[in-house]
Amino acid sequence: MSPSYYRSNHRANRKTHNANRPFSGFACSQTRQRGSALVIGIFVITVMFLMSAALINVLEDADEQVSLEVWGTRALFAANSGADSALAQLFPLTATDANAASCTNVSVSWAPPSVPGFHGCSVALTCVTSTVSGVNSYRITSTATCETGDCEGDDSSCLRVNRRVEVEARD
């Protein structure tokens, strides 16, 4: 028999022998799989760490938003109270003259009472008079500023919120 016959027969036997074996093109052996659980574990831990860091940032932002909302509401109520005080000064209940209303009766600031809702708030008032067709109109602007922390220096703990309320009245 010729050597080419043996070579072709050997190739045919190898092909049929490989056809009966399971596919081993990918890493199926135990030695090639060592350490894969470690890599997967490190990946999972890294993903969990990143997710927890993002959650912490979201919670910190939400906490800051709640603080801003509370202090903003306090400033709005202080501005409303300042406008009410200015209206009471502009139109006093004890006035004997019907034309006694004057912006000179309105003070430039209002000191909120020392109660927990107004703590750290100050109110500035302005009053402007205008006359149209013999009718006096008064515009009262009440600007409230509420602050907490060290707002005199460049401290990052400072939180300052302003709210402005305008009221118009006429007599």
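Just to be sure before I move on: is Leu38 at pLDDT 80 or above and over 25 Å from the mean Cα position of the chain (by Cα) in the structure I sent? Yes: the conditions hold for Leu38.
Tell me, yes or no, whether region 87-97 has at least one residue that is part of a helix (DSSP H, G or I), open to solvent by 50 Å² or more (accessible area, probe 1.4 Å), modelled with pLDDT of 85 or more and more than 30 Å from Ser122 (Cα to Cα). No, the conditions are met nowhere in region 87-97. Going through region 139-158 one residue at a time, which ones are acidic (Asp, Glu) and loosely packed, with under 15 Cβ neighbours inside 10 Å? Result: Asp150, Glu152, Asp154, Asp155.
Take the residues in region 102-134 that are assigned to a loop (DSSP other than H, G, I, E, B) and among the hydroxyl-bearing types (Ser, Thr, Tyr), then tell me which one is farthest from the chain's Cα centre (by Cα). Looking at the filtered set, the residue picked out is Ser133. Checked against the criteria, Val161 does not count as open to solvent by less than 60 Å² (accessible area, probe 1.4 Å), at pLDDT 95 or above and in contact with a strand residue (DSSP E or B) (Cβ under 9 Å, 6 or more places away or on another chain).
If you filter region 98-114 down to residues that are of a type in the set (A, V, I, L, M) and open to solvent by 70 Å² or more (accessible area, probe 1.4 Å), you find that the one that is modelled with the lowest pLDDT is Ala98.
The values are calculated or read from the model by the stated rules, or taken from the named source; none is laboratory data. From a predicted model like this one, the values you see are computed outputs, not experimental measurements. Neighbour counts run over all protein chains shown; Cβ positions are idealised from the backbone, glycine included. Areas reflect the complete protein model, heavy atoms only, side chains present, ligands, DNA and RNA absent. Shrake-Rupley method; radii C 1.70, N 1.55, O 1.52, S 1.80 Å.
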